[in-house]
Amino acid sequence: MQLFKRRHEKKTQVDARLTHIAFIMDGNGRWAKKRSMPREFGHVNGAKNFKKVIRYCGDIGIKMITVYAFSTENWKRPQHEVDAIMGLLSDYIDDAVASMDENNIRLVFLGDKSIFPAPLRAKIDNVEEISKDKDLLLNIALNYGARAEITHACNTLIDAGKKNVTEADVAAALYTAHCPDPDLIVRTGGDVRLSNFLLWQAAYAELYFTDTLWPDLSTHEIDRIVADFYGRKRRFGGL
Ligand code: IPE
Ligand code: IPE
Ligand code: MG
């Protein structure tokens with residue numbers, strides 16, 4: 001006899017149709033402003049939520065995640081804000097290295113790394129190297145812009161002596177050559193644009209925009225976003 005009635009909640013779990021999810025993590029500054037706090041406070045809480053979201057995506061079976069952390073245009077921001085974001089990023093790498101044995105995350109940075117000071121570059125190179133055999137892929141777009149990426153790919157192909165290029169050649173010269181295109185791109189913060197994110201790779205991605213500010217994006221909302229994705233019909237130009 002069953003003594004206690006258990007509430008059986010259907011747990012979100014994805015399949016191969018949702019292999020790769022990407023997030024434009026927007027709204028940290030407004031989240032802080034609503035609390036009359038400096039923008040940096042929003043980034044601190046955005047970084048906390050980033051860790052929670054990554055963990056949850058792993059739990060529900062997503063194999064590849066790409067996050068937009070810092071764009072080629074974000075250098076226009078005040079130096080103290082840029083420094084705060086880079087500091088959080090550096091802390092995240094330190095944490096990832098310290099917990100390397102307990103997690104299963106492969107870290108790859110998308111963007112031109114040559115702009116970073118040598119110590120940060122060394123940290124990035126190191127964490128990419130020591131995590132390279134892990135199963136769950138986390139791409140962090142940092143100093144990333146899709147136009148810069150495509151331009152860089154063109155130059156790579158020219159340097160390789162190509163006179164004619166195929167779509168496959170271009171894809172293989174992008175920062176994302178190691179993974180398939182995202183199935184779903186989610187932008188928080190209420191703006192309905194891509195802001196120079198994955199322009200090539202987004203060709204047939206499903207797009208989802210939410211007013212929720214990034215630090216507030218909850219696991220429940222991710223469940224709803226995933227359910228919405230599964231309700232869509234992806235035709236890729238076919239019928
Ligand atoms: C996203 O939040 C994080 C980065 C761009 C680094 P914002 O800092 O753009 O926050 P809002 O859009 O001003 O609220
Ligand atoms: C996009 O957000 C970049 C990141 C989330 C890293 P922005 O806040 O920079 O985008 P815009 O300026 O509103 O288009
Ligand atoms: Mg923004």
- If D169 passes every condition in (1) farther than 17 Å from I93 by Cα; (2) within 14 Å of the chain's Cα centre (by Cα) but one, which one does it miss? (2)
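Select from the stretch 59-96 the residues that are in contact with a strand residue (DSSP E or B) (Cβ under 7 Å, 6 or more places away or on another chain) and within 16 Å of ligand 3 (Cβ to nearest atom) and write down the one among them that is nearest to V44 (Cα to Cα).
I85
Only one of I24, I85 is surrounded by 20 or more Cβ atoms within 10 Å (Cβ to Cβ), in contact with a His (Cβ under 9 Å, 6 or more places away or on another chain) and of a type in the set (A, V, I, L, M); which?
Numbers: I24 fails: in contact with a His (Cβ under 9 Å, 6 or more places away or on another chain).
The conditions single out I85.
For (1) in a helix (DSSP H, G or I); (2) within 13 Å of ligand 2 (Cβ to nearest atom); (3) not small (G, A, S), each residue gets a yes or a no:
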residue	(1), (2), (3)
N45	yes, no, yes
F50	yes, yes, yes
I62	no, no, yes
V67	no, yes, yes
L88	yes, yes, yes
- Task: Of the conditions (1) touching a residue at least 40 places away in the same chain (Cβ under 8 Å); (2) open to solvent by less than 40 Å² (accessible area, probe 1.4 Å); (3) more than 16 Å from ligand 1 (Cβ to nearest atom), A173 clears all except one; give me its number.
- Result: (1)
- Query: Among R187, R232, R193, which is the only one that is among the basic types (K, R) and open to solvent by less than 20 Å² (accessible area, probe 1.4 Å)?
  - Reply: R187
- Only one of W75, W31 that is open to solvent by 30 Å² or more (accessible area, probe 1.4 Å) and within 16 Å of ligand 2 (Cβ to nearest atom): W75
- Any chance you could count how many residues in the stretch 195-235 are over 19 Å from A16 (Cα atoms) and not hydroxyl-bearing (S, T, Y)? 14
- Tally the residues that are within 13 Å of ligand 1 (Cβ to nearest atom) and touching a Lys or Arg at 6+ places or on another chain (Cβ under 6 Å), restricting the search to the stretch 64-96. 1
- Looking at the stretch 145-168, which of its residues are open to solvent by less than 70 Å² (accessible area, probe 1.4 Å) and under 23 Å from N74 (Cα atoms)? G145, A146, A148, E149, I150, A153
- Query: Taking helices (runs of 4 or more DSSP H) that do not extend beyond the stretch 123-239, which have at least 3 residues that are not aliphatic (A, V, I, L, M)?
  - Reply: 146-159, 219-230
- Task: Go through (1) in contact with an Asp or Glu (Cβ under 9 Å, 6 or more places away or on another chain); (2) within 20 Å of I140 (Cβ to Cβ); (3) of a type outside the set (S, T, Y) and name the single condition R17 misses.
- Result: (2)
- Which of the residues belonging to the stretch 181-222 are touching a residue at least 24 places away in the same chain (Cβ under 8 Å), more than 16 Å from ligand 1 (Cβ to nearest atom) and either over 20 Å from A153 (Cβ atoms) or among the charged types (D, E, K, R) (or both)? D181, D183, L184, E206, Y208, T219, I222
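The values are calculated or read from the model by the stated rules, or taken from the named source; none is laboratory data. This is a predicted model, so every value here is computed, not measured. Here Cβ is always computed from backbone atoms with ideal geometry, including for glycine, and neighbour counts include all displayed protein chains. The area values use the complete protein model at the heavy-atom level, side chains included, leaving out ligands, DNA and RNA. Shrake-Rupley method; radii C 1.70, N 1.55, O 1.52, S 1.80 Å.
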